[in-house]
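Computed from the coordinates by the stated procedures, all read-outs in this text should not be read as laboratory data. As the structure is a prediction and not an experimental result, all values here were calculated from the model. All Cβ positions, even for glycine, are placed from backbone atoms using ideal geometry, and neighbour counts span all protein chains on display.
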Amino acid sequence: LSLSLCLANGLQCYGCNIIVGRKYIDVGCTNPEVITCSHSHKGFKHRFCIKTESAALGIILTSGCATSRHCHQQELPGVKIHCCDSDRCNSSHRPEGRLLTCICLLISLTLLQVQL
C-alpha cells in the first residue's frame, strides 16, 4: 500500500542545474531544489534520482530525475553517474555521515585518553 502511494505521488529528487532558461550555474549544486518527477519522459518512466559528479573536482555537476536509460548509459570521460531509487536519495552531501564519523572519532579519542 505504501509503495502504491509513493508511486502515485511521484518520486522526489533533488534537482540542480537542469532547469532550461536559468541564467546561472550552481557550482557544486550547493542549493538544490526538491522536485517531484513526472511519471514519464518521452515514453520512458522516471524511476530514479540521478546526480552527475566531476571525477577530477569531486563536485556535483547536475542532479534530478532519470529514466533507466539515463542510468545505464556509459559514463562520459571525467563524469561519474550515480542513480538511486528512493525519495531525495541524490543529495550532494551526506551531513549525517559526517556527523557519525565525528562522533566515532570523538569516542575513540576519549577511549584512548582513558587507556593512557
| request: Quick one: net charge around residue 52, please, counting Lys, Arg +1 and Asp, Glu -1 for every other residue with C-beta under 10 Å from its C-beta. | output: 0
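Tell me the GluC sites (Glu not before Pro) within the stretch 22-88 that lie in a loop according to DSSP and have at most 15 other beta-carbon atoms within 10 Å.
75
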